[in-house]
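Comments concern the structure below.
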Amino acid sequence: MGVALAERVASKAPAPLIDPFQRAITYLRISVTDRCDLRCVYCMSDDMQFLPKRDLLTLEELDRLCGVFIDRGVRKLRITGGEPLLRRDIMHLFRRLSRHLGSGALEELTMTTNGTQLGRFAPELAELGVKRVNVSLDTLDPDKFRAVTRRGDLKVVLDGIEKARKAGIKVKINAVALKGVNEDEIADMIAWAHGDGMDMTLIEVMPLGEVEGDRTDQFLPLSVARARLEQRYTMVPLPDRTGGPARYVRIAETGGRLGFITPLTHNFCESCNRVRLTCTGKLYMCLGQEDAADLRHALRASPDDALVTQAVTDAIARKPKGHDFVIERARPAAVPRHMSVTGG
Ligand code: SAM
Ligand code: SF4
């Protein structure tokens, strides 16, 4: 039992969330919108149908749900989407959630973003206690960026990253490794990110949601990418674990950290500490499984939190041991829901 968990038990705080495999759930990801201003080719189709706005939880409801999780020992929140900074008044939610940083109940409030709106919001995010963000960026070539995102302007994203760093926010770059698209660029991107003091993580394409085309065409095993990188860089394995799918190395030549997220070639479920909430109040206990609990009903049935707290307890008791992604079975998608619904 960790120290924080032991302290909670001793202080008779509400029971921590422990799943059937004795994993403590301390990390909640919240997808605040399924909408996005980009259409990354591996993430969604060009004519993606978004949820009707009336189905969304309000920001007050999202705040209340987060409070229930924090009461039960969740220490880290990640706001994601869709593009989280596109949700109207999203700063209101950050403002509300930052009170848990002030009280010490929450260790970290963070976000994954495509960076298009980051320039606008970075100063306020920093003021509210957001210390780190992940920015997704798959290429440093403006034409490729436009092609991968089907519409994005690389300059805007680079400017957003710059503004975040100037505001004192640590930026980590997340890049999806894409066969025939950015595979020859990854080594240079690492040099760029590390040169500016940013960590970088490579992600394997996951079979989530229908996209145009065939994901097996996009899939570049990170074992292949890593072998190529080893011709240029010396990788020193790091013990760092976040309870998530990433494994880290230090690159001797740059001094920077590089992560590998390999859901398809390595299973990372045994230490999973996270669950995911959608903008409609569905709680997914696993990114790679279909089972979800509808928390919206419990939330709206009573102003008291007892019902929704019980619904969360029941949901965690159903958290599966792991996922079952296999890229060969990914046609059609292994999981019909897009990453933008559950949040990356
Ligand atoms: N829009 C924000 C962004 O792009 O950072 C947040 C949401 S996005 C769904 C979160 C992460 O999921 C991004 O890093 C994106 O590259 C990744 N992603 C989306 N679809 C994916 C897929 N099918 N396989 C692997 N990663 C995916
Ligand atoms: Fe939008 Fe992020 Fe999906 Fe790209 S990966 S389409 S930025 S949600």
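The values are calculated or read from the model by the stated rules, or taken from the named source; none is laboratory data. Not measured: the values here are computed from a predicted model. In this analysis, Cβ positions are derived from the backbone assuming ideal geometry, glycine residues included, and neighbour counts consider all displayed protein chains.
Might you check whether a residue that is under 19 Å from ARG72 (Cβ atoms), among the charged types (D, E, K, R) and modelled with pLDDT of 95 or more occurs anywhere in region 319-330? Checked against the condition, which is being under 19 Å from ARG72 (Cβ atoms), among the charged types (D, E, K, R) and modelled with pLDDT of 95 or more, region 319-330 yields no hits at all.
Okay, residues lined up against (1) away from ligand 2 (no atom under 16 Å from the Cβ); (2) under 18 Å from CYS279 (Cα atoms); (3) in a helix (DSSP H, G or I):
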position: ARG78; (1), (2), (3): no, yes, no
position: SER98; (1), (2), (3): yes, no, yes
position: GLY102; (1), (2), (3): yes, no, yes
position: MET111; (1), (2), (3): no, yes, no
position: THR116; (1), (2), (3): no, no, no
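Here is a yes/no grid of residues against (1) part of a loop (DSSP other than H, G, I, E, B); (2) farther than 23 Å from ARG78 by Cβ; (3) not acidic (Asp, Glu):
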position: SER223; (1), (2), (3): no, yes, yes
position: VAL236; (1), (2), (3): no, yes, yes
position: TYR248; (1), (2), (3): no, no, yes
position: PHE260; (1), (2), (3): no, no, yes
position: GLU270; (1), (2), (3): no, no, no
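Filter region 229-241 down to residues that are surrounded by fewer than 14 Cβ atoms within 10 Å (Cβ to Cβ) and not hydrophobic (A, V, I, L, M, F, W, C) and give me whichever is nearest to VAL275 (Cα to Cα). Applying the filter and picking the extreme gives ARG241.
Per-residue answers, yes or no, for (1) modelled with pLDDT under 95; (2) away from ligand 1 (no atom under 16 Å from the Cβ):
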site	(1), (2)
CYS43	yes, no
ARG64	no, yes
VAL74	no, yes
GLY81	no, no
PRO84	no, no
ARG87	no, no
ILE90	no, no
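Restricting attention to region 169-193, the residues being in a loop (DSSP other than H, G, I, E, B) and not charged (D, E, K, R) number 5. Would you say LEU258 is over 24 Å from ILE25 (Cβ atoms), buried (at least 21 other Cβ atoms within 10 Å of the Cβ) and at pLDDT 95 or above? Spelling it out, LEU258 is indeed over 24 Å from ILE25 (Cβ atoms), buried (at least 21 other Cβ atoms within 10 Å of the Cβ) and at pLDDT 95 or above. Within region 5-22, residues that are loosely packed, with under 14 Cβ neighbours inside 10 Å and β-branched (Val, Ile, Thr) reach partners that are at pLDDT 55 or above and assigned to a loop (DSSP other than H, G, I, E, B) with beta carbons closer than 9 Å, at six or more positions or on different chains, in the pairs VAL9/ALA15; VAL9/PRO16. Kindly establish whether VAL176 is β-branched (Val, Ile, Thr), buried (at least 22 other Cβ atoms within 10 Å of the Cβ), under 16 Å from the mean Cα position of the chain (by Cα) and at pLDDT 95 or above. Considered against the rule, which asks whether it is β-branched (Val, Ile, Thr), buried (at least 22 other Cβ atoms within 10 Å of the Cβ), under 16 Å from the mean Cα position of the chain (by Cα) and at pLDDT 95 or above, VAL176 comes out as yes.
Residues that are assigned to a helix (DSSP H, G or I) and of a type outside the set (A, V, I, L, M, F, W, C) were ranked within region 118-145; the one that is nearest to ligand 2 (Cβ to nearest atom) is LYS144.
So that you can scan it fast, the table gives a plain yes or no per residue for (1) modelled with pLDDT of 95 or more; (2) more than 15 Å from ligand 1 (Cβ to nearest atom):
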| residue | (1), (2) |
| --- | --- |
| ARG99 | yes, yes |
| GLU127 | yes, yes |
| PRO142 | yes, yes |
| ALA167 | yes, yes |
| LYS172 | yes, no |
| MET189 | yes, no |
| HIS194 | yes, yes |
| GLU210 | no, no |
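Being in contact with a strand residue (DSSP E or B) (Cβ under 9 Å, 6 or more places away or on another chain) and more than 16 Å from ligand 2 (Cβ to nearest atom) is the filter; apply it to region 170-184 and report the residue that is nearest to ARG250 (Cα to Cα). Per the criteria, the residue is LYS170.
Restricting ASP63, ASP71, ASP55 to residues that are in contact with a Ser or Thr (Cβ under 6 Å, 6 or more places away or on another chain) and away from ligand 2 (no atom under 16 Å from the Cβ) narrows the list to ASP55.
Look at region 36-52: where a residue is more than 11 Å from ARG150 (Cα to Cα) and near ligand 2 (Cβ under 7 Å from one of its atoms) and a partner is assigned to a loop (DSSP other than H, G, I, E, B) and among the acidic types (Asp, Glu), sitting 6+ places away or on another chain with Cβ atoms under 6 Å, you get CYS36/GLU83.
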